[in-house]
Amino acid sequence: MNKELDQLAADNIRALAIAMVEKAKSGHPGGPMGGADYMHILYSEFFNYDPSDMHWAFRDRFFMDAGHLSSLMYAQYYLLGNFKKDDIANFRQWGSVTPGHPEVDVARGIENTSGPLGQGHTMGVGAAIAAKFLQARFGDWMNHKVYGFISDGGVQEEISQGAGRIAGHLGLNNFIMFYDSNDVQLSSKTDEVTSEDTAKKYEAWGWKVVTIDGHDHEQIRKALRDANAETEKPTLIIGETIMGKGCVTANGDMYEGYTELHGKPIGDTGADYEKTMSNLGADINDPFGIYEKVSDFYETLKTGKKKAADAKKAEIQSWRNANAQLASKLDGFLSGDLPDLDFGNIPHKEGLATRAASSNVLGYLAENVENMIVSSADLSNSDKTDGFLKKTTVLKKGDFSGAFLQAGVAELTMATIANGIALHGGIIPVVATFFVFSDYMKPAIRLSCIQELPVKFVWTHDAFRVGEDGPTHQPIEQEAQIRLLEKLKNHSHEQSFVALRPADSQETNVAWKMAMENSKTPTGLILSRQGIQDIPSKTDRYEDALGAEKGGYLVQEVNDPDVVLIANGSEVATLVDAAELLEAKNGLKVNIASIPSEGIFRQQSKAYQEKVIPSNKPIFGLTAGLPVNLQGLAGPNGQVFGLEHFGYSAPAKVLDEKFGFTGEQVYQQVTTFLK
């Protein structure tokens, strides 16, 4: 312990953070100046990782919630050698690896994309759940910690309630979170927006809470020692810090704790940039320099971290030598490899709702995929994830041998936890709720897409046929919203999301096959509440349904059709009914296409797309949502019938009749269209 050196290192972090913001003329300098002491002590004395192997699966993990404090992370990792001086100097610039809010970059120590407040620490809770799940299966040697860093904004975001409740309920003692409590927000002081007792709130959720002076290094050490020794509860360290710690005016007077220091370059505030840099021991001519003593200290530190990691790896190797079969299983989990799965032989009764077919698939997966965690927002017996639950048990405090997370009514929290599970690695996360409640999940779905996480979303009760529950529970516009993500590219230039709305039980099998095999992006399965007649097949329906792997395919095909009918989900069966009438009454030749994913369909060859949906034929689309769902596919020769209003409370069959979705009514619509 060297008080002078520790202070120098913290001040170096402060100077680097404000220099980044000053040069970029954009950013948040005051918060990083307050959190610098905690970061230095955490990383220098407690954080376990291998500087030569940043992807080491059993490293400690740091999840930033307050993404606007990115300069704090970059400064700390710069001292550790993860960033170069040019990286720091190009903060927030085009092509830089130091963006304004951190984006996943494990090679440089960035575990999660953050920015939307509340989600960062909730992903940390997910990572802690993943670590507990794996530890229960492979042994207590797997004892790495997950650290979170949260600000006032993250505590205030409603998602913090779900994250706090679940972490406390599950007794996640491997999760340690620092709350940078500086009494200042972007546009006000915290006492203008809240008077809650944060400590008591977290204690009520079952957390260990300690309040410290966030600039007192010995208090930080003790809090972290105690948190690491805790065996029953997650820990919240409330660090009382000062916004803009170390800022001074042009005449040298202290200028700390002001709201304006939060979100503006120091030079644009009442503080003086050059005098503040000097006060922190920086060379104003080399603002991105690492102080000589600090540089020497961190070089030695990295050697020590590597030595400690080598010792841990030797311990793990001994376990591997004694447990070859378990070690092989663990490697399979971490690599993302799937066991051989036979989706074609999962049995279904005739005419099932696709949510019921999905339940059968989940029951099969529960018995064949050992590294899945399935979660439901208090709907497992209705979204039919209980097909999985019946083959396992729920996760609970002190017992992570099960594989089902009952999240309670917390859709956003649940989805964000799933992102954290995926970021940790080794586990396949599945989350489920009613499709209409995907609205609660959109911020997490968006981060799934940005971070390219293979989370599986299960959405049931997919249309107005929810019936008696009425318009609040009947999705109309949700499919259009979700399918927009199929049109959006991620930074790997891939379709950012796969949305699948299967037409019957066998297509549901294929949809699950596609979801499980998709390791690059999130997938959503959109499933019916009501039973659906199976699509007729002259050979093997599952083999036919494999056409869904191309995003769309013909379920009924004739030569030189007079009209092509397109849909997805339960509307495909309605088209089959309508086609029978068109053939019997009008002598028309009809093709029917099921298009469960327009995004994947658009990736096929032009020749294939033309075969399924010819540009020289009249195209009629049927959708239980907004017509825009199919208008791009129907094209200029087409017409789409859908809903352009909210639903009503009534039995599903009544709504079909009132809204025009019976086979007879669709027959009339197509006949009118062809005239």
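The values are calculated or read from the model by the stated rules, or taken from the named source; none is laboratory data. Predicted, not measured: the structure shown is a model, and the values here were computed from it. Here the Cβ is made from the backbone with ideal geometry for all residues, glycine too, and neighbour counts use every protein chain on show. Quick note on the areas: whole protein, heavy atoms, side chains included, nothing else; ligands and nucleic acids left out. Shrake-Rupley method; radii C 1.70, N 1.55, O 1.52, S 1.80 Å.
Amide H contacts for Val555 (H built 1.01 Å from N in the peptide plane; partners 5 or more residues away or on another chain; cut-off under 5 Å): Ile592, Ala593, Ser594.
Each Lys or Arg adds one and each Asp or Glu subtracts one; over the other residues with Cβ under 10 Å from the Cβ of Ala503, this totals -3. Computed from Cα atoms, the angle from the helix 663-674 axis to the main principal axis of the chain rounds to 90 degrees. Overall, the chain carries a charge dipole of about 1000 debye about its Cα centre when +1 sits on the Cβ of Lys and Arg and -1 on the Cβ of Asp and Glu, all other atoms neutral. Rounded to the nearest 20 debye, the dipole magnitude of the range 53-109 is 100 debye, with +1 charges on Lys and Arg beta carbons, -1 on Asp and Glu beta carbons, and the Cα centre as origin. Derived scalar couplings between HN and Hα for the range 269-280 equal 10, x, 8, 10, 4, 5, 5, 5, 4, 5, 4, 8 Hz in order, rounded to whole Hz, by the Karplus curve 6.51 cos²θ - 1.76 cosθ + 1.60 (θ = phi - 60°), x for Gly and Pro. Projecting the Cα atoms of Gln93, Asn48, Gly34 onto the charge dipole of the range 1-98 (Cβ charges, centred on the Cα centre) puts Gln93 farthest toward the positive pole. Taking the Cα of Glu292, stepping 7 Å toward and past its beta carbon, and measuring to each backbone N in the range 9-24: which are under 19 Å? Output list for this probe position: 9-13.
For Glu256, the amide hydrogen comes within under 5 Å of no other amide hydrogen, counting only partners 5 or more places away or on other chains and with H modelled in the peptide plane. Annotation: per residue accessible area for the range 1-142 equals 28 Å², rounded to a whole number [probe 1.4 Å, protein chains only].
Scalar couplings 3J(HN,Hα) for the range 149-166, obtained by applying the Karplus form with A = 6.51, B = -1.76, C = 1.60 to θ = phi - 60°, are 9, 10, 10, 4, x, x, 5, 6, 4, 4, 4, 4, 5, x, 5, x, 4, 5 Hz; x denotes Gly and Pro.
Here the peptides 86-96, 332-342, 141-151, 466-476 are ranked by packing, the mean other Cβ count within 10 Å, and the order with the highest first is 141-151, 466-476, 86-96, 332-342. Helix-only arithmetic for the chain: the sum of -39500 (n - 2.57) across DSSP H runs with n ≥ 4, divided by the residue total, places the mean residue ellipticity at 222 nm at -12500 deg cm²/dmol. Relative to the longest principal axis of the chain, what angle (0 to 90°, nearest 10) does the C-alpha long axis of helix 292-322 take? That works out to roughly 50 degrees. With a Cα cut-off of under 14 Å and a minimum spacing of 8 residues unless on different chains, the lysine pairs in the range 524-675 number 4. Looking only at the range 82-120, which residues have a backbone nitrogen under 14 Å from a spot 7 Å from the Cα of Lys306 in the C-beta direction? Backbone N within reach: 82.
Using the Karplus relation 6.51 cos²θ - 1.76 cosθ + 1.60 with θ = phi - 60°, the per-residue 3J(HN,Hα) values for the range 431-441 come to 10, 9, 6, 6, 4, 4, 8, 4, 4, 5, 9 Hz, with x marking Gly and Pro. Amide H to amide H, with H built 1.01 Å from N, Thr662 comes under 5 Å of no residue 5 or more places away or on another chain. Could you work out what % of the accessible surface of the range 316-390 is carbon and sulfur, using a 1.4 angstrom probe and leaving DNA, RNA and ligands out of the count? Looking at the range 316-390 in its full context, I get 41 percent from C and S.
Of the accessible area of the range 194-299, with the probe set at 1.4 angstrom, what percent is carbon plus sulfur?
Here carbon and sulfur together make up 45 percent of the probe-accessible area.
The range 166-191 and the range 256-316 have Cα centres lying 23 Å from one another.
Solvent exposure of the range 597-675 amounts to 50 Å² per residue of accessible area, where only protein heavy atoms count and the probe is 1.4 Å.
Helix 324-335 and the longest principal axis of the Cα set of the chain meet at an angle near 80°.
How much net charge surrounds Asn360 when only the other residues with a Cβ under 12 Å from the Cβ of Asn360 are counted, with Lys and Arg +1 and Asp and Glu -1? It works out to a net charge of +3.
Could you tell me which of rounded, prolate or oblate describes the range 104-168, using a ≥ b ≥ c as the square roots of the eigenvalues of the alpha-carbon gyration tensor, with rounded for a/c under 1.5 and, failing that, prolate when a/b is larger than b/c and oblate otherwise? It is oblate, given that a/c is not under 1.5 and a/b is not larger than b/c. What the range 388-430 shows is 32 Å² of accessible area per residue, with the surface traced by a 1.4 Å probe over protein heavy atoms. Across the accessible surface of the range 47-88, with the other protein chains kept in place and a 1.4 Å probe, carbon and sulfur atoms take up 46 percent. Inter-part distance, the range 8-39 to the range 408-469, computed on C-alpha centroids, equals 36 Å.
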